[in-house]
Amino acid sequence: MLFIQYPEPAFRIKKEEGRELLFDRLRKKWVLLTPEEWVRQNFISYLTVSKGYPLSLIAVEKEFRLGELKKRFDILVYNNRHEPWMMVECKAMDIELNDAVLAQLLRYHISLPVKYLVITNGKQSFGFRKVNGQLLEMDELPAAEQ
């Protein structure tokens with residue numbers, strides 16, 4: 001399991017028509033503040049503030065094709081050559097991280113092969129490094145590629 005020390009949240013949040021919205025600095029727009037979005041934004045803060053990953057190498061909620069299906073990844077981190085490098089699947093805090101969650105990420109990995117795979121619900125996080133076709137569990141995320 002990964003130990004994640006999240007930085008203090010510094011999000012812009014507003015209420016509009018009875019709904020809470022959060023300003024996503026990557027998408028540069030206000031998004032509905034769902035439990036999964038809270039986890040996603042905190043993980044992005046961890047990547048950028050605590051681990052030093054550049055915002056310019058992170059994509060959020062982008063659509064891709066998995067065969068004939070249209071899917072969306074939660075977080076995709078690129079390396080310094082702008083190649084997909086790490087994919088993160090975020091779930092709400094009350095969702096258990098189990099084999100089904102990992103299987104979802106592995107299906108996405110078919111279309112977007114990456115070296116690192118992460119699943120998180122904000123309370124727990126598991127990271128894997130792909131080595132010779134096998135997934136090896138990590139206890140720490142890699143440093144950002146410079």
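The values are calculated or read from the model by the stated rules, or taken from the named source; none is laboratory data. Note that the coordinates shown come from a computational prediction; the quantities given were computed from them, not determined experimentally. Every residue, glycine among them, receives a Cβ derived from its backbone with ideal geometry; neighbour counts consider all protein chains shown. Accessible surface is based on the protein model in full, side chains and every heavy atom, while ligands, DNA and RNA are left aside. Shrake-Rupley method; radii C 1.70, N 1.55, O 1.52, S 1.80 Å.
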For the chain, the percent of accessible surface on carbon and sulfur atoms (probe 1.4 angstrom, ligands and nucleic acids excluded) is 49 percent
Tilt, helix 99-111 to longest principal axis of the chain (alpha-carbon atoms), in degrees rounded to tens, equals 80 degrees
accessible surface per residue for the chain, probe 1.4 Å, DNA/RNA/ligands not counted, whole Å² -> 57 Å²
Rounded to whole Å, √(5λ) for the Cα gyration tensor eigenvalues of the chain, largest first, gives 24, 17, 16
Loop-resident GluC sites (Glu not before Pro) in the stretch 86-145 with no more than 16 other Cβ atoms inside 10 Å, DSSP not H/G/I/E/B, are 96, 140, 145
Quick numbers on the stretch 70-117, Rg and Dmax over C-alpha atoms in Å, give 11.3, 36
Cα extents of the stretch 23-105 along the principal axes, largest first, in whole Å, come to 30, 29, 23
Taking max minus min of the Cα coordinates of the stretch 75-146 on each principal axis, largest first, gives extents in Å of 36, 22, 19
Measuring from the longest principal axis of the C-alpha atoms of the chain, the long axis of helix 35-45 (C-alpha) lies at a number of degrees, nearest 10, equal to 70 degrees
Measuring from its Cα centre, the chain shows a charge dipole (+1 at each Lys and Arg Cβ, -1 at each Asp and Glu Cβ) which, in debye to the nearest 20, is 520 debye
Beyond 16 Å, the calculated P(r) of the stretch 1-62 holds a percent of Cα-Cα pairs equal to 46 percent
Neighbours of residue 22 by Cβ distance under 9 Å: Lys/Arg at +1, Asp/Glu at -1, summed charge -1
Contour minus Cα-Cα span, residue 98 to residue 140, at 0.36 nm per residue, comes to 13.2 nm
In deg cm²/dmol, rounded to the nearest 500, the helical mean residue ellipticity at 222 nm of the chain, built from -39500 (n - 2.57) for every DSSP H run of length 4 or more, is -5000 deg cm²/dmol
